[in-house]
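Engineer: Pasting a structure here, questions to come.
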Amino acid sequence: MNNTIIEYAPFLLKSNKEEDELIRAADQLHSAFIGQQKGLISRKLIRNEENIYADLIYWKSEADSHAASAKVASCPACAAYFELMDATDSKQAFSRFTVLRSY
């Protein structure tokens, strides 16, 4: 059985923000915080044709995912990244998935 966890964190960019600003903040977040966390496998910043963005973060275990999440509130790079997001769209929801099988 595979214990890999995938975090899916969709969001909209605030209307007064640009994608290049988001990418710079995402890079900073990764180097200052996410890339330093135990159990990180990989992270992808994605966008669909409707301009919905999402972070896909792969962790070795659920414990690693939760440990990183517990540190987010005290992370300045996280706050700067979240400031670019439109929090008014309630359709966008953070989810954790457990990988059952990889093919």
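Engineer: Which longest uninterrupted range of the chain lacks any trypsin sites (Lys or Arg not before Pro) assigned by DSSP to a loop state (not H, G, I, E or B) and surrounded by at most 13 other Cβ atoms within 10 Å?
Structural biologist: On the way: sites that count: 38, 91, 101.
Longest gap between qualifying sites, sites excluded: 39-90.
Engineer: Still on this structure, please answer the following. Need the C-alpha centroid separation for region 57-98 versus region 21-41, integer Å.
Structural biologist: After rounding, the separation between the Cα centres reads 11 Å.
Engineer: Among the listed pairs 14/38; 14/44; 17/44, give every one whose C-alpha distance is greater than 26 Å.
Structural biologist: 14/38
Engineer: Ok, one more. Restricting to Cα atoms and excluding each atom paired with itself, what does the Kirkwood estimate give for the chain in Å? Can you show the working numbers first?
Structural biologist: Values: mean 1/r = 0.0700 Å⁻¹.
Result for the chain, one decimal place: 14.3 Å.
Engineer: For residue 61 and residue 100 in the same chain, what is the full-extension length gain: residue separation times 0.36 nm, less their Cα-Cα distance, in nm?
Structural biologist: Difference between extended and current length: 12.8 nm.
Values in this text are rule-based calculations from the coordinates and carry no lab data. Note that this is a predicted model, so its numbers are computed, not measured. Every residue, glycine among them, receives a Cβ derived from its backbone with ideal geometry; neighbour counts consider all protein chains shown.
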